[in-house]
1. Kindly check whether there is at least one residue in the stretch 311-326 that is charged (D, E, K, R), under 11 Å from the mean Cα position of the chain (by Cα) and either closer than 22 Å to Leu52 by Cα or assigned to a helix (DSSP H, G or I) (or both).
2. Please go through the stretch 301-310 and give me each residue that is out of contact with any helix residue (DSSP H, G or I) (no Cβ under 8 Å at 6 or more places or on another chain) and in a helix (DSSP H, G or I), ordered by number.
3. Out of the residues in the stretch 104-130 that are free of Cβ contacts under 8 Å to residues at least 12 places away in the same chain and more than 25 Å from the chain's Cα centre (by Cα), which is surrounded by the fewest Cβ atoms within 10 Å (Cβ to Cβ)?
4. What's the total number of residues in the stretch 210-239 that are free of Cβ contacts under 8 Å to residues at least 24 places away in the same chain and among the acidic types (Asp, Glu)?
5. Starting from residues that are within 17 Å of the chain's Cα centre (by Cα) and among the aliphatic types (A, V, I, L, M), keep the ones in the stretch 181-218 and report whichever is nearest to Asp75 (Cα to Cα).
6. Mind telling me which of the residues Ala47, Ala15 ends up being in contact with a helix residue (DSSP H, G or I) (Cβ under 8 Å, 6 or more places away or on another chain), in contact (Cβ under 8 Å) with a residue 24 or more places away in the chain and either surrounded by 20 or more Cβ atoms within 10 Å (Cβ to Cβ) or over 30 Å from Glu127 (Cα atoms) (or both)?
Amino acid sequence: MYDSVIIGGGLAGWAAAITLRAVGYDVLLLEKGRLPRHRVCGEYLSAEVLPLLDQWEVDLPVRPSVDRVQLSSADGTVVETHLPLGGVGMSRYTLDGALYQRALDMGVVVRLETKVTAVQQREEHYEIGTNAGDFVGRWVLGCDGKGQSSYQKNIDAEYVESYVGFKQYYRLDFPENLVALHAFKGGYGGAVLVDNGWVDVAYMLRQDVFSKYKNIELAESKLLSGNPWMRRLLTDGKAMWDRPMAVANFQLGRKPWTEMQVSPAGDAAAMIPPASGNGMAMALWSGQLLGNNVIFALRNNSSREELVANYQQSWEDNFGRRMWYGRQIHNVFQYPRMANWAARLLRYWPGLLHPVIRATHGQVKT
């Protein structure tokens, strides 16, 4: 029997696995796909987690350092300012691969291409059914991302809208120290230069808006290209893939954890609006936070109810305010008129951005 079984090999899953293994617990991580792999992601990593990755001795390559942010509204009104905390451009393929290797080096047991089909809570342990056999763990951690898990109930997030997201890499002349965020009708997107030398261009659209168009090419020409800054990203560079990666029918916001069979972290717990700019950092922090709460539960023989209550409170203390501000930014950027008004205001007072950015980001912890 494992001390902890973690479902999902994303950022939160690796953070939880490394946190638990660092103090000697036996950890099994189950991942339904192969690793590493590309994912639809903005790939800007806030500097708040860089000391944490150093503490875990994660081997990362030299990566672009970002200290400027550029924002534009749907009509092309643009503002650029200093990014208070800063960060780096880091591809998910690189980051996931480095975390995966570090977890293996520490002794985490990893089973790839293993899909969880059932989770049963018993009196003092959990039984986990998969396509590759059954496993037993004292605790089970759900870190399997934004999608609906086959072993969970159908759980909706806070927001009623569904979204579709896309990602494409471009060979493009783009400032190394800049992260950009551009609004357009029905959604918004961003760009950052990452460690592989390509520019990651990722964007999201409301599902109801996207469904009016027959394909992504038409949606890009009719919606995204209405913003001249977004149009330059799509047309000035050379696309590195034949087609963008896509993920559909996801919802933003926090999910009702009390209805879940396992304790969640990362996107499985709450998907932060991409406009807030620190989804990767929050996934890592939430995985570590859940790992620390499970360590407390293991040491104190806590009940599931005690673990859930403690974790929910610590999650709210760490992320509640940041989620609220992220939602406000999201609301502005997905509606063109509101984004146009905000961009014009910020052109005259760009310093107004700094407290908002700080509110959605944590602090560098050493």
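The values are calculated or read from the model by the stated rules, or taken from the named source; none is laboratory data. Predicted, not measured: the structure shown is a model, and the values here were computed from it. Glycine gets a Cβ as well: all are built from the backbone with ideal geometry, and neighbour counts include every protein chain shown.
1. Initial filter on the stretch 311-326 (charged (D, E, K, R)): 316-317, 321-322.
Among the residues that remain, those that are also under 11 Å from the mean Cα position of the chain (by Cα) are: none.
Among the residues of the stretch 311-326, not one is charged (D, E, K, R), under 11 Å from the mean Cα position of the chain (by Cα) and either closer than 22 Å to Leu52 by Cα or assigned to a helix (DSSP H, G or I) (or both), which makes the answer no.
2. Arg304, Glu305, Ala309, listed by residue number.
3. Let us first name the residues in the stretch 104-130 that are free of Cβ contacts under 8 Å to residues at least 12 places away in the same chain, namely 104-105, 120, 122-123, 127.
Imposing the further condition that a residue be more than 25 Å from the chain's Cα centre (by Cα) reduces the set to 120, 122-123, 127.
On the way: Gln120: 13, Arg122: 8, Glu123: 4, Glu127: 16.
Top of the filtered list is Glu123.
4. 2
5. Start the filter on the stretch 181-218 by keeping residues that are within 17 Å of the chain's Cα centre (by Cα), which leaves 181, 188-192, 194, 200-205.
After this cut, where a residue has to be among the aliphatic types (A, V, I, L, M) as well, the list is 181, 191-192, 194, 201-202, 204-205.
On the way: Leu181: 13, Ala191: 18, Val192: 21, Val194: 27, Val201: 19, Ala202: 19, Met204: 18, Leu205: 17 Å.
Taking the candidates together, the pick is Leu181.
6. Values: Ala47 fails: in contact with a helix residue (DSSP H, G or I) (Cβ under 8 Å, 6 or more places away or on another chain).
Checking each option against the conditions leaves just Ala15.
Table: residues versus (1) at pLDDT 95 or above; (2) buried (at least 24 other Cβ atoms within 10 Å of the Cβ).
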position	(1), (2)
Asp26	yes, no
Leu29	yes, yes
Val40	no, no
Pro64	no, no
Leu71	no, yes
Thr77	no, no
Leu85	no, no
Arg102	yes, no
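This table checks each residue for (1) of a type in the set (Val, Ile, Thr); (2) assigned to a strand (DSSP E or B).
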{"residue": "Val164", "(1), (2)": "yes, yes"}
{"residue": "Lys167", "(1), (2)": "no, yes"}
{"residue": "Val179", "(1), (2)": "yes, yes"}
{"residue": "Gly189", "(1), (2)": "no, yes"}
{"residue": "Asp195", "(1), (2)": "no, no"}
{"residue": "Asp200", "(1), (2)": "no, yes"}
{"residue": "Asp208", "(1), (2)": "no, no"}
{"residue": "Glu220", "(1), (2)": "no, no"}
{"residue": "Ser225", "(1), (2)": "no, no"}
